[in-house]
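What follows is a single structure, written as structure tokens, with notes after it.
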Amino acid sequence: MAKPPVIVVGSSNTDMIIQLDRIPKPGETILGGRFTTAAGGKGANQAVAAARAGGAVTFIARLGRDMLGDQAVAGFAADRIRTQFIVRDRRSPSGVALIFVDARGENSIAVAPGANGNLTPADVRRAKAAFTAGGILVLQLETPLRAAQAAAEHAVAVDMRVILNPAPARALPNTLLRQLYLLTPNESEAELLTGIAVSDTASARQAAGVLRQRGVRNVIVTLGARGALVDGADGAGWIPAFKVKPVDSTAAGDVFNGALAVGLAEGRSLLDAARFGAAAAAISVTRLGAQTSAPARQEIERLLALAGRRSRPDNHRAA
Ligand code: RIB
């Protein structure tokens, strides 16, 4: 069977990670952490997650003409991601993220976007040939909004469905929201977009309602280790999180979105695709790093099979 097409437009970073007992406060120095580098960036993480979950992935991005950019492209090629629409930027270095991960697997991230900040609508237009009917376009917000808007417009014009993971959160125009098949905020992103403090199923459903009124067809509000609320024209329900021992939550949302996109592209229902994404995200949380943590399709299928009936979507059960 041919792999389903997924296009990701967005960021690529190299993550410099320090694991330590707790995250330092402003002005504080903590000794004793462990240092690792790993490939990251929300867009690149989504692309890698989608490729490993079984998608035929094209990644549209900007990287610097530097060693970190070379390493990133080599990583994408190893995951069989199409890289011909990645622009190597002369003006800026590749993006870098500094990440602290504490003993509970929680993180704190600062990003220097570098070349990510120069992605343009023209970069997206150059990749027009990759946009094909029936595919899924995945967007996030670590690159300029106008590039994401250009990609969404083109995708809708050729009958692709668009997923926007609104991370990092920012205000969004209704013109963009109306083009989305699916918006996937976490609690804080949903609050920034709607003004509703999201802490449980009821508030998540309320926030999703506001976003749907603004024109989004479907909304999934992710609530970390508790699960995710699905609310939309194509399905509604509660996806419980898979129980795992957390090591590092970095990129769990990215892995969720990448695998979810593959699920949708191969024709699963919204709820089934969300469950596929939730299984991939759960595995990623048990591993250190962003792209290093994205599971292969067989691993996702194994977890789904193990979880069996217990993890089936349970309509609107409390979070
Ligand atoms: O979502 C996790 C990602 O956020 C990291 O890989 C880091 O690069 C930042 O973009």
Suppose the filter is out of contact with any Asp or Glu (no Cβ under 9 Å at 6 or more places or on another chain) and modelled with pLDDT of 95 or more; does residue 296 pass it? yes
Margin query: Take residue 106 and tell me if it is crowded, with 21+ Cβ neighbours inside 10 Å and in contact with a Ser or Thr (Cβ under 9 Å, 6 or more places away or on another chain).
Written below: no
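Give the residues of region 194-237 that are hydrophobic (A, V, I, L, M, F, W, C) and surrounded by 23 or more Cβ atoms within 10 Å (Cβ to Cβ), sorted by residue number. Show your work before the answer.
The initial filter retains those residues of region 194-237 that are hydrophobic (A, V, I, L, M, F, W, C), namely 196-198, 202, 204, 207-208, 210-211, 216, 219-221, 223, 225, 228-230, 233, 236.
Listed by number, the residues that qualify are 198, 204, 207, 208, 211, 216, 219, 220, 221, 228, 229, 230.
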Residue 25 fails exactly one of (1) surrounded by 24 or more Cβ atoms within 10 Å (Cβ to Cβ); (2) among the basic types (Lys, Arg); (3) over 30 Å from residue 266 (Cα atoms), namely (1)
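Quick one: which of 39, 72, 77 is among the aliphatic types (A, V, I, L, M), within 16 Å of the ligand (Cβ to nearest atom), part of a helix (DSSP H, G or I) and within 29 Å of residue 92 (Cα to Cα)?
Just a single option satisfies the conditions, and that option is 72.
For every residue, the table says whether it meets (1) of a type in the set (Ser, Thr, Tyr); (2) touching a residue at least 12 places away in the same chain (Cβ under 8 Å); (3) away from the ligand (no atom under 16 Å from the Cβ); (4) more than 20 Å from residue 252 (Cβ to Cβ).
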position: 8; (1), (2), (3), (4): no, yes, no, no
position: 11; (1), (2), (3), (4): yes, yes, no, no
position: 23; (1), (2), (3), (4): no, yes, no, no
position: 61; (1), (2), (3), (4): no, yes, no, yes
position: 64; (1), (2), (3), (4): no, yes, no, yes
Flagged in region 250-281 as of a type in the set (A, V, I, L, M) and either within 16 Å of the ligand (Cβ to nearest atom) or within 11 Å of the chain's Cα centre (by Cα) (or both), in numbering order, are 251, 252, 255, 259, 260, 261, 280, 281
Flag if residue 244 is among the hydrophobic types (A, V, I, L, M, F, W, C) and part of a loop (DSSP other than H, G, I, E, B)
yes
| query | Hey, does region 207-215 have a residue that's away from the ligand (no atom under 16 Å from the Cβ), out of contact with any His (no Cβ under 9 Å at 6 or more places or on another chain), among the polar types (S, T, N, Q) and assigned to a helix (DSSP H, G or I)? | reply | yes
If we keep only residues of region 87-104 that are within 16 Å of the ligand (Cβ to nearest atom) and among the β-branched types (Val, Ile, Thr), then the residue farthest from residue 289 (Cα to Cα) is 96
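Would you call residue 176 within 26 Å of residue 115 (Cα to Cα), at pLDDT 95 or above, more than 16 Å from the ligand (Cβ to nearest atom) and out of contact with any His (no Cβ under 9 Å at 6 or more places or on another chain)?
Judged against the criteria, residue 176 is a match.
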Expected single match for buried (at least 23 other Cβ atoms within 10 Å of the Cβ), out of contact with any strand residue (DSSP E or B) (no Cβ under 8 Å at 6 or more places or on another chain) and under 23 Å from residue 261 (Cβ atoms) among 52, 62 is 52
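Residue under question is residue 54, and the condition is that it be within 13 Å of the ligand (Cβ to nearest atom) and not hydroxyl-bearing (Ser, Thr, Tyr); does it hold?
On the way: within 13 Å of the ligand (Cβ to nearest atom): no; not hydroxyl-bearing (Ser, Thr, Tyr): yes.
So residue 54 does not fit the description; no.
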Flagged in region 105-155 as within 30 Å of residue 34 (Cβ to Cβ), outside any strand (DSSP E or B) and either in contact with a strand residue (DSSP E or B) (Cβ under 6 Å, 6 or more places away or on another chain) or away from the ligand (no atom under 16 Å from the Cβ) (or both), in numbering order, are 113, 114, 115, 116
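The values are calculated or read from the model by the stated rules, or taken from the named source; none is laboratory data. A quick note: this is a predicted structure, and the numbers were derived from the prediction, not measured. Every residue, glycine as well, gets a Cβ built from its backbone with ideal geometry; the counts of neighbours run over all protein chains shown.
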